[in-house]
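Bear in mind these aren't lab numbers, they're just calculated from the coordinates by the rules spelled out. Note that the structure is predicted; figures quoted are calculated from it, not measured. Here the Cβ positions follow ideal geometry from the backbone for every residue, glycine too, while neighbour counts run over all protein chains shown.
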Amino acid sequence: MTSTDATVLLVFVPLLAACLAVLAPPRARSPIAAATLLALPLLLWVVTSAVLADGVLHVALAGHAAPLGIQLRADGLALLMLWLVALAGGAAGLYALASHPPASAHGGRFWPLWLLMLAGLNGLFLSADLFNVYVAIELVTLSAIALIAADGQAGALRAAMRYLLLAMLASLAYLLGVALLYAEHGSLDLYALARSVAEPQASHATLTALSLISIALLLKAAVFPLHVWLPAAHAQAPGAVSAVLSALVVKTAVVLLYRLWFWTAAGLDRDAVWLLFGLLGAAAVLFGSLAALVQAQIKRVVAYSTVAQLGYLMLVFPLIGHTGGAPSAWYGAGCQLASHGLAKAAMFLAAAGLVHGLGSGRIDRLAGAGKAFPVCLFAFGLAGVSLMGLPPSGGFLAKWLLLEAAWAQRGWGWIAVLLVGSLLAAGYVFRVLAAAFVASPAGGAAVRPVSSAMSLPALALALLSLVMGFVAAPLFQLLAVAAPDIAGVAPAHGGSR
């Protein structure tokens, strides 16, 4: 199989599997999903080997090149996110296989939507065109909303409706921005636009379009203060869905912001925009961490933690624009994307296991969980190590690189945010662990068993987030493929074929 074929199949295998799952009887849907989850890493290995050897891979579907045809583009950032989809999505899928019986009504609805979401995620990260990005991100968003509401409970329906209304508002802003860019430049290719946008004086229409698209992406990424839909949606969703929402879905918009402002708008003066993004990120770190400290439900703690951890990804903007600190900021962003994705998926799966076992998600009812569900608590704690930024985890490496970038520009405010955020993360992680290791009172709530198939995926992801701190060299090699040429971030293997 060629790398071109594998790149196309990364999108079409889960898409065709979703169609097949709709037509198949309920008991056949789980095997279809399992086969798809196993196939994705094998396809990714072929594409990754080719990109590391030869540089950026361009694939024109049906042989029709851009702008008339659809073009896929696999570079280092895209492959990082595709591997995160394969690992976090695969582990969450294994949890779902154990928790959603195929013969049930929930299981019947679940797998077609799940596979459709995976197809959208892969298509989005490989897209090189703003309209194709729109199609993919809508596919991801609508699938995620349907999965949140799949249980049919009142709280889940309210959360899904809020998510849907705000997502529609973001989509309208995004489409208006896309229309303005096309009217002004006659192209929607993210990289071809960089040449025409890089004029000495950008038009008001271009600046308005970039602003509208950025606001839409900030809302879809749930960046503070546009995060209002996230806590309820993540807390009300089934465990596997919460994991992919936090690890993957919200990050799609952040990655698109990187594409837009590091590549497409490379010829513009971006300092004011990047400072604004950095301030929003700092506010998100502080607000999300403080909110997580006072939540009564364990899944809401993890949800508000996502708001905080997304803030670190926004801090990259002001840090990457300074000579000397840009390489550290770029590699720190990649480490944060990967380590947070693995750790947060692990944390949500572990929390879902605890809720399933105890019959309640309240922190004050976690007493005895440490003895009853040691694997879930161990996975939760290991994931917390990465979120806190403790060595030797991938989260430590990410925050160390961001601190290094902040130190290079004497950004004392950014340094303070990074340090205070880590301390607050320790507060909400240890609050949960302390409640779980209290002895269970006599006559406590009945305990349901949590199978190994439900607890081991969380442990595997948590261990991966820890191991990242030891084996970051391959990640850095991947991130160097077509890295943004900003203030000393030197692209490596930037060619295409």
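Of the labelled options (1) 23.7; (2) 31.4; (3) 21.2, which one gives mean projected area of the Cα convex hull in nm² as computed for this structure?
Entry (3).
Of all DSSP beta bridges in the chain, what percent run antiparallel (nearest 5)?
On the way: 7 of 9 bridges.
Percentage antiparallel, nearest 5: 80.
If you place +1 on the Cβ of every Lys and Arg and -1 on the Cβ of every Asp and Glu, how big does the dipole about the Cα centre of the range 286-489 come out, in debye to the nearest 20?
Values: 10 positive and 3 negative charges, 121 e Å.
That gives a dipole near 580 debye.
If the reach is capped at under 15 angstrom between alpha carbons, list the aspartates and glutamates near residue 299, excluding any in the same chain fewer than eight residues apart.
364
Mind jotting down the distance between the C-alpha centroids of the range 353-415 and the range 203-273, whole Å?
23
Principal axis lengths of the range 286-489 from Cα atoms, whole Å, largest first?
That gives 62, 31, 20 Å along the principal axes, largest extent first.
Positive end of the charge dipole of the chain (Lys, Arg +1 and Asp, Glu -1 on Cβ, about the Cα centre): tell me which of 228, 170, 475 has its Cα farthest that way.
About the Cα centre, the residue reaching furthest to the positive side is 228.
Just from its helices, what would the mean residue ellipticity at 222 nm be for the chain, if runs of 4 or more DSSP H residues each count -39500 (n - 2.57) and the sum is divided by every residue, rounded to the nearest 500 deg cm²/dmol? Mind dumping the intermediate values first?
Working: 20 runs with 352 residues, N = 497.
So the helix-based figure for the chain works out to -24000 deg cm²/dmol.
Okay, which of the range 215-233 sit inside 18 Å, backbone N to the point 7 Å along the Cα-Cβ direction of residue 297?
227-233
With unit charges on the beta carbons (Lys and Arg positive, Asp and Glu negative) and the dipole taken about the Cα centre of the chain, which residue among 208, 192, 12 sits farthest to the positive side?
12
Could you name the aspartates and glutamates in cross-link range of residue 220, using Cα to Cα under 17 Å and dropping any fewer than eight places away on the same chain?
Once the sequence-local aspartates and glutamates are set aside, what remains near residue 220 is 138.
Could you give the length gained by full extension between residue 371 and residue 49, i.e. 0.36 nm per residue of separation minus their alpha carbon distance, to one decimal place? Intermediate values should be presented prior to the final figure.
Details: separation 322, 0.36 × 322 = 115.92 nm, distance 4.40 nm.
Taking 0.36 nm per residue and subtracting the Cα distance, the gain is 111.5 nm.
Quick check on packing: order 414-426, 211-223 by the mean number of other C-beta atoms within 10 Å, highest mean leading.
On the way: 414-426: 19.1, 211-223: 23.0.
Result, highest mean first: 211-223, 414-426.
Can you find, among 310, 140, 459, the residue sitting farthest towards the positive end of the charge dipole of the chain, where Lys and Arg contribute +1 and Asp and Glu -1 at Cβ?
Projecting each Cα onto the dipole axis, the largest value belongs to 459.
Can you give me the distance in nm between label points at residue 153 and residue 451, each placed 7 Å from the Cα along the Cα-to-Cβ direction?
So the label points at residue 153 and residue 451 sit 2.0 nm apart.
Treating the beta-carbon of each Lys and Arg as +1 and of each Asp and Glu as -1, no other charges, what is the dipole magnitude of the range 199-315 about its Cα centre, to the nearest 20 debye? Spell out each step's value before the answer.
Working: 6 positive and 3 negative charges, 86 e Å.
Here the size comes out at about 420 debye.
What FRET efficiency comes out for residue 433 versus residue 161 if R0 is 35 angstrom and r is the Cβ-Cβ distance? Round to the nearest 0.05.
Values: r = 34 Å, r/R0 = 0.97.
That gives a FRET efficiency of 0.55.
About the Cα centre, and with charges only on the beta carbon of Lys, Arg (+1) and Asp, Glu (-1), how big is the dipole of the chain? Nearest 20 debye, please.
On the way: 22 positive and 14 negative charges, 295 e Å.
Dipole about the Cα centre, nearest 20: 1420 debye.
Residues in the range 262-295, backbone N under 18 Å from the label point at residue 423 (7 Å along the Cα-to-beta-carbon vector): list them, ranges by number please.
Output list for this probe position: 282-294.
By a straight-distance test (C-alpha under 23 Å), which lysines pair with residue 399 as possible cross-link partners, with residues fewer than eight away in the same chain excluded?
Partners within reach: 251, 344.
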